[in-house]
1. Going through the stretch 108-195, which trypsin sites (Lys or Arg not before Pro) have at most 15 other Cβ atoms within 10 Å and a DSSP loop state?
2. So which lysines pass the test for LYS380, namely a Cα distance under 26 Å, with those fewer than 8 places away in the same chain ruled out?
3. Calculate, for ARG251 and LEU33, the FRET efficiency according to 1/(1 + (r/R0)^6) with r their C-beta to C-beta distance and R0 22 Å; round to the nearest 0.05.
4. At a 1.4 Å probe radius, carbon and sulfur cover how many percent of the accessible area of the stretch 169-271?
5. Just the number please: accessible area per residue for the stretch 203-276, 1.4 Å probe, all protein chains included, in Å².
6. Under 10 Å from the Cβ of GLN185, count the other residues' Cβ atoms, weight Lys and Arg +1, Asp and Glu -1, and hand me the total.
7. Can you return the lysines within cross-link range of LYS145? Criterion is Cα-Cα under 18 Å, with same-chain partners fewer than 8 residues away left out.
8. Can you list the HN-Hα couplings for the stretch 203-218, worked out from phi with the Karplus curve (6.51, -1.76, 1.60; θ = phi - 60°), rounded to whole Hz and with x for Gly and Pro?
Amino acid sequence: MDIKECTEQNEIRTLRPEQIDRKHAVLSLRARLIFLLFVIAIPLTGMVLGIQNMFESYSGAYDGIMENLKIANNYNLSFKEDMEYSMYRVMIGLIDAGQFENGDIVEGTTKYATVVKNPHSLIASARQAFEKTIDREAGSDCDIKIRGILSCLDSLERAVDKMIANSAEGGKYDENVSIWENDIQGLCSMIQEYITQYIYYETINMEHLQNELKLKMADRMQGYLALLAMVLIVGSCCSAAITRSITDPLRELRQTAEQLGSGNLDARARTGGLEEISVLAQAFNQMSDRIRRLLDKTRQEQKNLRELELRLLQEQISPHFLYNTLDSIVWMAEGGNNRQVVEMTTDLSDFFRTVLSGGREFVTIEEEESHIRSYLKIQKIRYEDILDYSIEIEPSIRRRIVLKMLLQPLVENALYHGIKNKRGGGCILIRGYEDRNGLVFEIEDNGIGMDETELAAVRKKLRLEPGEDLQPIGNGGFGLHNVAQRVRIYYGDQAEILVESEKNIGTCFKIYLGNRKNS
(Lines give C-alpha, C1' and ligand atoms only; values in the text may rest on other atoms or scores of the structure.)
Protein backbone atom coordinates (compact mmCIF):
# COMPACT_ATOMS: atom_id res chain seq x y z
CA MET A 1 0.00 0.00 0.00
CA ASP A 2 1.49 3.35 -1.02
CA ILE A 3 1.39 6.63 0.89
CA LYS A 4 -1.51 7.97 -1.14
CA GLU A 5 -3.70 4.93 -0.39
CA CYS A 6 -2.81 5.06 3.30
CA THR A 7 -3.77 8.73 3.39
CA GLU A 8 -7.11 7.96 1.74
CA GLN A 9 -7.85 5.26 4.31
CA ASN A 10 -7.07 7.64 7.15
CA GLU A 11 -9.35 10.25 5.61
CA ILE A 12 -12.21 7.78 5.56
CA ARG A 13 -11.57 6.64 9.11
CA THR A 14 -11.28 10.18 10.47
CA LEU A 15 -14.14 11.72 8.48
CA ARG A 16 -15.93 14.17 10.72
CA PRO A 17 -19.35 15.84 10.36
CA GLU A 18 -17.75 19.23 9.67
CA GLN A 19 -16.11 17.72 6.54
CA ILE A 20 -19.50 17.07 4.92
CA ASP A 21 -20.65 19.16 1.99
CA ARG A 22 -21.99 22.37 3.51
CA LYS A 23 -24.31 23.05 0.58
CA HIS A 24 -26.96 21.09 2.49
CA ALA A 25 -28.39 21.71 5.92
CA VAL A 26 -27.24 18.78 8.02
CA LEU A 27 -28.71 17.54 11.27
CA SER A 28 -27.53 14.45 13.07
CA LEU A 29 -29.88 11.59 13.86
CA ARG A 30 -29.21 12.20 17.54
CA ALA A 31 -30.27 15.86 17.22
CA ARG A 32 -33.47 14.88 15.42
CA LEU A 33 -34.35 12.24 17.98
CA ILE A 34 -33.70 14.73 20.79
CA PHE A 35 -35.98 17.22 19.03
CA LEU A 36 -38.70 14.55 18.75
CA LEU A 37 -38.21 13.71 22.40
CA PHE A 38 -38.72 17.34 23.39
CA VAL A 39 -41.77 17.69 21.16
CA ILE A 40 -43.40 14.75 22.94
CA ALA A 41 -41.86 14.86 26.40
CA ILE A 42 -42.32 18.54 27.29
CA PRO A 43 -46.12 18.71 26.75
CA LEU A 44 -46.67 15.31 28.34
CA THR A 45 -44.48 16.28 31.28
CA GLY A 46 -46.45 19.50 31.71
CA MET A 47 -49.70 17.55 31.59
CA VAL A 48 -48.51 15.03 34.16
CA LEU A 49 -47.18 17.77 36.44
CA GLY A 50 -50.50 19.64 36.15
CA ILE A 51 -52.50 16.55 37.11
CA GLN A 52 -50.06 15.80 39.90
CA ASN A 53 -50.27 19.35 41.23
CA MET A 54 -54.08 19.24 41.16
CA PHE A 55 -54.20 15.96 43.05
CA GLU A 56 -51.57 17.08 45.53
CA SER A 57 -53.59 20.23 46.22
CA TYR A 58 -56.75 18.20 46.67
CA SER A 59 -54.93 15.57 48.71
CA GLY A 60 -53.50 18.24 51.05
CA ALA A 61 -56.89 19.84 51.59
CA TYR A 62 -58.53 16.44 52.02
CA ASP A 63 -55.93 15.27 54.53
CA GLY A 64 -56.36 18.52 56.50
CA ILE A 65 -60.13 18.09 56.74
CA MET A 66 -59.76 14.42 57.70
CA GLU A 67 -57.27 15.30 60.43
CA ASN A 68 -59.61 17.99 61.79
CA LEU A 69 -62.53 15.55 61.75
CA LYS A 70 -60.47 12.91 63.54
CA ILE A 71 -59.58 15.33 66.35
CA ALA A 72 -63.13 16.64 66.64
CA ASN A 73 -64.62 13.13 66.72
CA ASN A 74 -62.28 12.09 69.53
CA TYR A 75 -63.57 14.90 71.74
CA ASN A 76 -67.15 14.45 70.56
CA LEU A 77 -67.14 10.89 71.82
CA SER A 78 -65.34 11.17 75.15
CA PHE A 79 -64.97 14.74 76.42
CA LYS A 80 -68.49 15.22 77.87
CA GLU A 81 -68.60 11.79 79.49
CA ASP A 82 -65.12 12.03 81.06
CA MET A 83 -65.67 15.58 82.34
CA GLU A 84 -69.08 14.93 83.86
CA TYR A 85 -67.92 11.69 85.51
CA SER A 86 -64.88 13.34 87.08
CA MET A 87 -66.84 16.35 88.42
CA TYR A 88 -69.68 14.15 89.66
CA ARG A 89 -67.21 12.18 91.79
CA VAL A 90 -65.88 15.48 93.11
CA MET A 91 -69.41 16.76 93.83
CA ILE A 92 -70.47 13.76 95.90
CA GLY A 93 -67.13 13.72 97.72
CA LEU A 94 -65.97 10.26 96.66
CA ILE A 95 -62.53 11.59 95.68
CA ASP A 96 -60.27 14.26 97.01
CA ALA A 97 -59.97 16.90 94.30
CA GLY A 98 -56.48 17.75 95.56
CA GLN A 99 -55.27 14.44 94.11
CA PHE A 100 -55.77 15.88 90.61
CA GLU A 101 -52.56 17.81 91.09
CA ASN A 102 -50.74 14.52 90.44
CA GLY A 103 -52.73 13.80 87.26
CA ASP A 104 -55.51 11.29 86.71
CA ILE A 105 -56.85 9.35 89.72
CA VAL A 106 -57.03 5.56 89.59
CA GLU A 107 -59.72 3.99 91.79
CA GLY A 108 -58.93 0.38 92.64
CA THR A 109 -55.92 -1.91 92.24
CA THR A 110 -57.23 -4.61 89.88
CA LYS A 111 -57.39 -4.61 86.12
CA TYR A 112 -60.98 -3.32 86.46
CA ALA A 113 -59.88 -0.16 88.28
CA THR A 114 -61.65 3.07 87.22
CA VAL A 115 -59.67 6.04 85.93
CA VAL A 116 -61.02 9.47 86.89
CA LYS A 117 -59.72 11.99 84.36
CA ASN A 118 -58.09 15.19 85.56
CA PRO A 119 -60.61 17.93 84.52
CA HIS A 120 -57.89 20.53 84.10
CA SER A 121 -55.96 18.18 81.79
CA LEU A 122 -59.12 17.51 79.79
CA ILE A 123 -59.80 21.23 79.33
CA ALA A 124 -56.13 22.00 78.49
CA SER A 125 -55.97 19.18 75.95
CA ALA A 126 -59.23 20.27 74.30
CA ARG A 127 -58.11 23.89 74.18
CA GLN A 128 -54.79 22.87 72.59
CA ALA A 129 -56.54 20.70 70.01
CA PHE A 130 -59.20 23.20 68.93
CA GLU A 131 -57.11 26.36 69.23
CA LYS A 132 -53.70 25.19 67.96
CA THR A 133 -53.97 21.84 66.19
CA ILE A 134 -57.06 22.24 64.03
CA ASP A 135 -56.57 24.43 60.95
CA ARG A 136 -59.43 26.78 60.20
CA GLU A 137 -60.24 29.76 58.05
CA ALA A 138 -60.98 32.92 60.01
CA GLY A 139 -64.64 33.92 59.83
CA SER A 140 -65.82 30.61 58.43
CA ASP A 141 -68.60 28.56 59.98
CA CYS A 142 -66.01 26.12 61.34
CA ASP A 143 -64.10 29.02 62.92
CA ILE A 144 -67.26 30.32 64.60
CA LYS A 145 -67.99 26.90 66.09
CA ILE A 146 -64.42 26.51 67.35
CA ARG A 147 -64.56 29.93 69.00
CA GLY A 148 -67.77 28.83 70.68
CA ILE A 149 -66.01 25.68 71.90
CA LEU A 150 -63.08 27.70 73.26
CA SER A 151 -65.47 30.13 75.03
CA CYS A 152 -67.33 27.22 76.64
CA LEU A 153 -64.01 25.70 77.72
CA ASP A 154 -63.09 28.95 79.46
CA SER A 155 -66.42 29.00 81.31
CA LEU A 156 -66.11 25.30 82.09
CA GLU A 157 -62.64 25.84 83.54
CA ARG A 158 -64.00 28.53 85.90
CA ALA A 159 -66.87 26.25 87.00
CA VAL A 160 -64.44 23.36 87.65
CA ASP A 161 -62.16 25.59 89.69
CA LYS A 162 -65.16 26.82 91.74
CA MET A 163 -66.41 23.28 92.44
CA ILE A 164 -62.95 22.01 93.40
CA ALA A 165 -62.47 25.00 95.71
CA ASN A 166 -65.86 24.38 97.36
CA SER A 167 -65.00 20.71 97.87
CA ALA A 168 -61.78 21.69 99.59
CA GLU A 169 -63.62 24.04 101.98
CA GLY A 170 -66.48 21.63 102.73
CA GLY A 171 -70.12 22.41 103.60
CA LYS A 172 -70.99 23.67 100.11
CA TYR A 173 -72.63 20.60 98.69
CA ASP A 174 -75.77 22.46 97.56
CA GLU A 175 -73.71 25.03 95.71
CA ASN A 176 -71.70 22.28 94.02
CA VAL A 177 -74.91 20.55 92.98
CA SER A 178 -76.06 23.80 91.40
CA ILE A 179 -72.71 24.20 89.61
CA TRP A 180 -72.96 20.59 88.45
CA GLU A 181 -76.48 20.92 87.12
CA ASN A 182 -76.35 24.42 85.69
CA ASP A 183 -72.72 24.86 84.63
CA ILE A 184 -70.87 21.57 84.20
CA GLN A 185 -73.57 19.62 82.42
CA GLY A 186 -74.82 22.60 80.44
CA LEU A 187 -71.37 23.65 79.24
CA CYS A 188 -70.38 20.04 78.31
CA SER A 189 -73.60 19.73 76.31
CA MET A 190 -72.89 23.02 74.57
CA ILE A 191 -69.32 21.93 73.75
CA GLN A 192 -70.61 18.64 72.35
CA GLU A 193 -73.19 20.52 70.28
CA TYR A 194 -70.53 22.88 68.93
CA ILE A 195 -68.32 19.90 68.05
CA THR A 196 -71.21 18.22 66.25
CA GLN A 197 -71.89 21.38 64.27
CA TYR A 198 -68.19 21.76 63.50
CA ILE A 199 -68.10 18.21 62.16
CA TYR A 200 -71.14 19.00 60.01
CA TYR A 201 -69.52 22.06 58.45
CA GLU A 202 -66.25 20.21 57.85
CA THR A 203 -68.25 17.48 56.11
CA ILE A 204 -69.83 20.14 53.91
CA ASN A 205 -66.33 21.52 53.17
CA MET A 206 -65.24 18.03 52.09
CA GLU A 207 -68.23 17.77 49.79
CA HIS A 208 -67.38 21.16 48.29
CA LEU A 209 -63.79 20.01 47.82
CA GLN A 210 -64.90 16.89 45.98
CA ASN A 211 -67.21 18.90 43.72
CA GLU A 212 -64.43 21.37 43.00
CA LEU A 213 -62.10 18.49 42.12
CA LYS A 214 -64.67 17.06 39.73
CA LEU A 215 -65.10 20.41 38.01
CA LYS A 216 -61.35 20.97 37.72
CA MET A 217 -60.80 17.44 36.45
CA ALA A 218 -63.51 17.81 33.82
CA ASP A 219 -62.13 21.20 32.72
CA ARG A 220 -58.48 20.17 32.69
CA MET A 221 -59.06 16.80 31.12
CA GLN A 222 -60.57 18.49 28.06
CA GLY A 223 -57.45 20.62 27.75
CA TYR A 224 -55.19 17.67 28.39
CA LEU A 225 -56.96 15.52 25.82
CA ALA A 226 -56.61 18.30 23.24
CA LEU A 227 -52.91 18.66 24.16
CA LEU A 228 -52.43 14.89 23.93
CA ALA A 229 -54.06 14.80 20.50
CA MET A 230 -51.80 17.63 19.31
CA VAL A 231 -48.71 15.89 20.71
CA LEU A 232 -49.66 12.65 18.96
CA ILE A 233 -50.21 14.41 15.64
CA VAL A 234 -47.00 16.47 15.82
CA GLY A 235 -45.02 13.50 17.16
CA SER A 236 -46.32 11.23 14.38
CA CYS A 237 -45.41 13.80 11.72
CA CYS A 238 -41.92 14.29 13.19
CA SER A 239 -41.44 10.54 13.54
CA ALA A 240 -42.49 9.97 9.92
CA ALA A 241 -40.17 12.76 8.74
CA ILE A 242 -37.22 11.34 10.72
CA THR A 243 -37.96 7.85 9.40
CA ARG A 244 -38.01 9.14 5.82
CA SER A 245 -34.78 11.07 6.43
CA ILE A 246 -33.17 7.74 7.34
CA THR A 247 -34.80 5.27 4.95
CA ASP A 248 -34.71 7.41 1.79
CA PRO A 249 -30.94 8.13 1.88
CA LEU A 250 -30.28 4.50 2.84
CA ARG A 251 -32.35 3.33 -0.12
CA GLU A 252 -30.44 5.67 -2.43
CA LEU A 253 -27.16 4.48 -0.92
CA ARG A 254 -28.19 0.87 -1.48
CA GLN A 255 -29.08 1.60 -5.10
CA THR A 256 -25.73 3.34 -5.58
CA ALA A 257 -23.95 0.33 -4.07
CA GLU A 258 -25.83 -1.97 -6.44
CA GLN A 259 -24.75 0.18 -9.39
CA LEU A 260 -21.17 0.08 -8.16
CA GLY A 261 -21.40 -3.68 -7.71
CA SER A 262 -22.69 -4.07 -11.27
CA GLY A 263 -19.58 -2.29 -12.58
CA ASN A 264 -20.70 1.33 -12.79
CA LEU A 265 -17.69 2.97 -11.16
CA ASP A 266 -19.13 6.43 -11.85
CA ALA A 267 -22.00 5.84 -9.36
CA ARG A 268 -21.90 8.31 -6.48
CA ALA A 269 -24.06 8.60 -3.37
CA ARG A 270 -25.89 11.86 -2.64
CA THR A 271 -24.77 13.69 0.50
CA GLY A 272 -26.81 16.08 2.62
CA GLY A 273 -29.78 15.64 4.95
CA LEU A 274 -29.00 13.32 7.83
CA GLU A 275 -25.51 13.84 9.19
CA GLU A 276 -24.71 10.16 9.75
CA ILE A 277 -25.96 9.21 6.28
CA SER A 278 -23.95 12.08 4.79
CA VAL A 279 -20.81 10.80 6.51
CA LEU A 280 -21.56 7.31 5.18
CA ALA A 281 -22.24 8.62 1.67
CA GLN A 282 -19.05 10.70 1.74
CA ALA A 283 -17.05 7.64 2.82
CA PHE A 284 -18.81 5.54 0.16
CA ASN A 285 -17.88 8.04 -2.54
CA GLN A 286 -14.29 8.09 -1.35
CA MET A 287 -14.31 4.29 -1.42
CA SER A 288 -15.65 4.36 -5.00
CA ASP A 289 -12.88 6.75 -6.04
CA ARG A 290 -10.33 4.59 -4.30
CA ILE A 291 -11.66 1.44 -6.01
CA ARG A 292 -11.29 3.16 -9.36
CA ARG A 293 -7.71 4.18 -8.54
CA LEU A 294 -6.93 0.70 -7.24
CA LEU A 295 -8.26 -0.87 -10.44
CA ASP A 296 -6.16 1.51 -12.49
CA LYS A 297 -3.19 0.72 -10.31
CA THR A 298 -3.84 -3.03 -10.64
CA ARG A 299 -4.00 -2.77 -14.41
CA GLN A 300 -0.73 -0.84 -14.38
CA GLU A 301 0.85 -3.37 -12.02
CA GLN A 302 -0.26 -6.22 -14.26
CA LYS A 303 1.24 -4.41 -17.21
CA ASN A 304 4.49 -3.83 -15.30
CA LEU A 305 4.49 -7.44 -14.13
CA ARG A 306 4.20 -8.73 -17.67
CA GLU A 307 7.06 -6.45 -18.68
CA LEU A 308 9.13 -7.69 -15.73
CA GLU A 309 8.43 -11.33 -16.58
CA LEU A 310 9.18 -10.76 -20.26
CA ARG A 311 12.47 -9.03 -19.46
CA LEU A 312 13.36 -11.76 -16.95
CA LEU A 313 12.64 -14.37 -19.58
CA GLN A 314 14.85 -12.45 -22.01
CA GLU A 315 17.52 -12.33 -19.31
CA GLN A 316 17.31 -16.09 -18.76
CA ILE A 317 17.47 -16.83 -22.49
CA SER A 318 20.41 -14.48 -22.86
CA PRO A 319 22.32 -15.27 -26.07
CA HIS A 320 25.55 -14.73 -24.20
CA PHE A 321 24.69 -17.39 -21.59
CA LEU A 322 23.39 -19.78 -24.24
CA TYR A 323 26.44 -19.24 -26.46
CA ASN A 324 28.87 -19.89 -23.60
CA THR A 325 27.00 -23.01 -22.53
CA LEU A 326 26.84 -24.44 -26.03
CA ASP A 327 30.49 -23.57 -26.57
CA SER A 328 31.36 -25.52 -23.42
CA ILE A 329 29.37 -28.49 -24.72
CA VAL A 330 31.26 -28.34 -28.04
CA TRP A 331 34.73 -28.36 -26.52
CA MET A 332 33.76 -31.13 -24.08
CA ALA A 333 32.46 -33.16 -27.03
CA GLU A 334 35.68 -32.52 -28.94
CA GLY A 335 37.61 -33.67 -25.90
CA GLY A 336 35.60 -36.88 -25.75
CA ASN A 337 33.91 -36.08 -22.44
CA ASN A 338 30.64 -37.66 -23.43
CA ARG A 339 29.30 -38.07 -19.88
CA GLN A 340 29.83 -34.39 -19.14
CA VAL A 341 28.22 -33.45 -22.45
CA VAL A 342 25.13 -35.45 -21.50
CA GLU A 343 25.02 -33.94 -18.00
CA MET A 344 25.45 -30.37 -19.24
CA THR A 345 22.90 -30.83 -22.00
CA THR A 346 20.43 -32.31 -19.48
CA ASP A 347 21.04 -29.45 -17.05
CA LEU A 348 20.50 -26.91 -19.84
CA SER A 349 17.26 -28.63 -20.77
CA ASP A 350 16.08 -28.66 -17.14
CA PHE A 351 17.07 -25.03 -16.77
CA PHE A 352 14.94 -23.85 -19.70
CA ARG A 353 12.08 -26.19 -18.75
CA THR A 354 11.71 -24.33 -15.45
CA VAL A 355 12.15 -20.96 -17.19
CA LEU A 356 9.20 -21.74 -19.46
CA SER A 357 7.24 -23.98 -17.00
CA GLY A 358 4.18 -24.03 -19.21
CA GLY A 359 3.38 -20.37 -18.55
CA ARG A 360 2.92 -20.93 -14.81
CA GLU A 361 3.78 -18.09 -12.44
CA PHE A 362 4.30 -20.33 -9.39
CA VAL A 363 6.29 -23.50 -8.94
CA THR A 364 7.17 -25.74 -6.02
CA ILE A 365 10.29 -25.04 -3.99
CA GLU A 366 11.55 -28.40 -5.21
CA GLU A 367 11.23 -27.21 -8.83
CA GLU A 368 12.92 -23.90 -7.96
CA GLU A 369 15.76 -25.83 -6.31
CA SER A 370 16.11 -27.97 -9.44
CA HIS A 371 16.28 -24.80 -11.53
CA ILE A 372 19.13 -23.21 -9.57
CA ARG A 373 20.90 -26.56 -9.25
CA SER A 374 20.85 -26.94 -13.07
CA TYR A 375 22.13 -23.40 -13.43
CA LEU A 376 24.95 -23.93 -10.91
CA LYS A 377 25.97 -27.26 -12.43
CA ILE A 378 26.30 -25.57 -15.83
CA GLN A 379 28.33 -22.73 -14.31
CA LYS A 380 30.38 -25.20 -12.23
CA ILE A 381 31.58 -26.82 -15.44
CA ARG A 382 32.55 -23.43 -16.83
CA TYR A 383 34.09 -22.07 -13.61
CA GLU A 384 35.28 -25.30 -12.07
CA ASP A 385 38.38 -23.74 -10.52
CA ILE A 386 36.65 -20.81 -8.84
CA LEU A 387 33.10 -21.96 -8.00
CA ASP A 388 31.75 -24.16 -5.23
CA TYR A 389 28.14 -24.23 -4.07
CA SER A 390 25.87 -25.83 -1.52
CA ILE A 391 22.05 -26.02 -1.44
CA GLU A 392 20.35 -26.65 1.92
CA ILE A 393 16.54 -26.73 1.63
CA GLU A 394 14.51 -28.14 4.51
CA PRO A 395 12.61 -31.24 3.32
CA SER A 396 9.42 -30.04 5.07
CA ILE A 397 9.01 -27.09 2.70
CA ARG A 398 9.91 -28.69 -0.64
CA ARG A 399 6.25 -29.08 -1.69
CA ARG A 400 5.38 -25.48 -0.85
CA ILE A 401 4.55 -23.09 -3.71
CA VAL A 402 6.66 -20.02 -4.47
CA LEU A 403 7.07 -17.48 -7.25
CA LYS A 404 8.91 -18.83 -10.29
CA MET A 405 12.55 -17.74 -10.81
CA LEU A 406 12.73 -16.35 -7.29
CA LEU A 407 16.27 -17.47 -6.42
CA GLN A 408 18.18 -17.86 -9.73
CA PRO A 409 18.68 -14.11 -10.40
CA LEU A 410 20.17 -13.70 -6.91
CA VAL A 411 22.39 -16.76 -7.39
CA GLU A 412 23.55 -15.35 -10.73
CA ASN A 413 24.25 -12.00 -9.05
CA ALA A 414 26.34 -13.78 -6.40
CA LEU A 415 28.36 -15.55 -9.09
CA TYR A 416 29.05 -12.65 -11.46
CA HIS A 417 29.43 -9.84 -8.90
CA GLY A 418 30.84 -11.77 -5.97
CA ILE A 419 32.75 -14.93 -6.85
CA LYS A 420 34.21 -14.01 -10.28
CA ASN A 421 35.69 -10.77 -8.95
CA LYS A 422 37.50 -12.48 -6.07
CA ARG A 423 40.96 -13.91 -6.48
CA GLY A 424 40.83 -17.65 -5.91
CA GLY A 425 37.05 -17.94 -6.31
CA GLY A 426 34.56 -18.79 -3.60
CA CYS A 427 31.45 -20.62 -2.54
CA ILE A 428 27.72 -19.87 -2.89
CA LEU A 429 25.43 -21.20 -0.15
CA ILE A 430 21.64 -21.38 -0.70
CA ARG A 431 19.42 -22.07 2.32
CA GLY A 432 15.65 -22.47 2.58
CA TYR A 433 13.69 -22.88 5.81
CA GLU A 434 10.59 -21.73 7.67
CA ASP A 435 10.47 -19.72 10.87
CA ARG A 436 7.55 -18.33 12.86
CA ASN A 437 7.13 -15.49 10.34
CA GLY A 438 7.05 -17.69 7.22
CA LEU A 439 9.40 -18.87 4.51
CA VAL A 440 12.98 -17.57 4.42
CA PHE A 441 15.61 -18.01 1.69
CA GLU A 442 19.26 -17.02 2.01
CA ILE A 443 21.78 -16.66 -0.85
CA GLU A 444 25.18 -16.16 0.70
CA ASP A 445 28.61 -15.93 -0.95
CA ASN A 446 32.12 -15.31 0.32
CA GLY A 447 33.03 -13.26 -2.74
CA ILE A 448 34.45 -9.78 -3.11
CA GLY A 449 31.60 -8.13 -1.15
CA MET A 450 30.63 -4.46 -1.35
CA ASP A 451 31.59 -1.24 0.31
CA GLU A 452 29.00 1.15 1.76
CA THR A 453 28.49 3.02 -1.53
CA GLU A 454 27.95 -0.14 -3.55
CA LEU A 455 25.69 -1.62 -0.86
CA ALA A 456 23.55 1.53 -0.84
CA ALA A 457 23.19 1.33 -4.63
CA VAL A 458 22.04 -2.31 -4.45
CA ARG A 459 19.54 -1.53 -1.71
CA LYS A 460 18.18 1.29 -3.87
CA LYS A 461 17.66 -1.15 -6.74
CA LEU A 462 15.72 -3.42 -4.39
CA ARG A 463 13.46 -0.48 -3.44
CA LEU A 464 12.69 0.76 -6.99
CA GLU A 465 8.97 0.97 -7.67
CA PRO A 466 7.43 -0.67 -10.75
CA GLY A 467 7.57 1.66 -13.72
CA GLU A 468 10.75 3.47 -12.67
CA ASP A 469 13.64 3.50 -15.08
CA LEU A 470 15.46 0.19 -15.26
CA GLN A 471 18.94 -0.55 -16.44
CA PRO A 472 19.15 -2.26 -19.80
CA ILE A 473 19.61 -6.00 -19.80
CA GLY A 474 23.23 -6.91 -19.49
CA ASN A 475 24.30 -3.92 -17.43
CA GLY A 476 23.70 -5.80 -14.16
CA GLY A 477 21.25 -5.22 -11.38
CA PHE A 478 18.05 -5.75 -13.37
CA GLY A 479 17.62 -9.25 -11.98
CA LEU A 480 17.69 -7.93 -8.41
CA HIS A 481 15.11 -5.26 -9.17
CA ASN A 482 12.97 -7.76 -11.07
CA VAL A 483 12.85 -10.22 -8.17
CA ALA A 484 12.18 -7.46 -5.65
CA GLN A 485 9.25 -6.00 -7.59
CA ARG A 486 7.72 -9.35 -8.45
CA VAL A 487 7.91 -10.34 -4.79
CA ARG A 488 6.32 -7.03 -3.77
CA ILE A 489 3.49 -7.39 -6.31
CA TYR A 490 2.68 -11.02 -5.50
CA TYR A 491 3.33 -11.14 -1.76
CA GLY A 492 2.58 -7.59 -0.65
CA ASP A 493 4.08 -5.71 2.26
CA GLN A 494 4.60 -8.88 4.30
CA ALA A 495 7.51 -9.84 2.03
CA GLU A 496 10.87 -8.13 1.69
CA ILE A 497 14.43 -8.67 0.47
CA LEU A 498 17.31 -7.62 2.70
CA VAL A 499 21.00 -7.52 1.82
CA GLU A 500 24.08 -7.34 4.02
CA SER A 501 27.62 -7.15 2.68
CA GLU A 502 31.16 -6.40 3.78
CA LYS A 503 34.05 -5.64 1.49
CA ASN A 504 36.36 -8.66 0.91
CA ILE A 505 34.16 -10.75 3.26
CA GLY A 506 31.03 -11.59 1.26
CA THR A 507 27.38 -10.82 0.66
CA CYS A 508 24.10 -12.31 1.91
CA PHE A 509 20.63 -11.79 0.45
CA LYS A 510 17.62 -12.78 2.56
CA ILE A 511 14.13 -13.19 1.11
CA TYR A 512 11.24 -13.13 3.60
CA LEU A 513 7.95 -14.29 2.07
CA GLY A 514 5.78 -14.15 5.19
CA ASN A 515 2.78 -16.42 5.77
CA ARG A 516 1.17 -16.00 2.37
CA LYS A 517 -1.63 -18.53 1.93
CA ASN A 518 -0.36 -19.91 -1.36
CA SER A 519 3.27 -20.04 -0.20
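1. Answer in residue order: LYS111.
2. By straight Cα distance, LYS380 reaches LYS404, LYS420, LYS422, LYS503, LYS510.
3. 0.65
4. The nonpolar share, carbon plus sulfur, comes to 56 percent.
5. Result: 63 Å² of accessible area for each residue.
6. Spelling it out: positives minus negatives among the neighbours equals -2.
7. Leaving aside lysines fewer than 8 places away in the same chain, those within reach of LYS145 are LYS70, LYS80, LYS132.
8. 5, 5, 4, 5, 5, 4, 5, 5, 5, 4, 4, 4, 5, 5, 4, 4
The values are calculated or read from the model by the stated rules, or taken from the named source; none is laboratory data. All figures in this text were calculated on a predicted structure; none of them were measured in a lab. Methodologically, a virtual Cβ is constructed for each residue, glycine included, from the backbone with ideal geometry; neighbour enumeration extends over all protein chains shown. Ligands, DNA and RNA are excluded from the accessible area calculation, which covers all protein heavy atoms including side chains. Shrake-Rupley method; radii C 1.70, N 1.55, O 1.52, S 1.80 Å.
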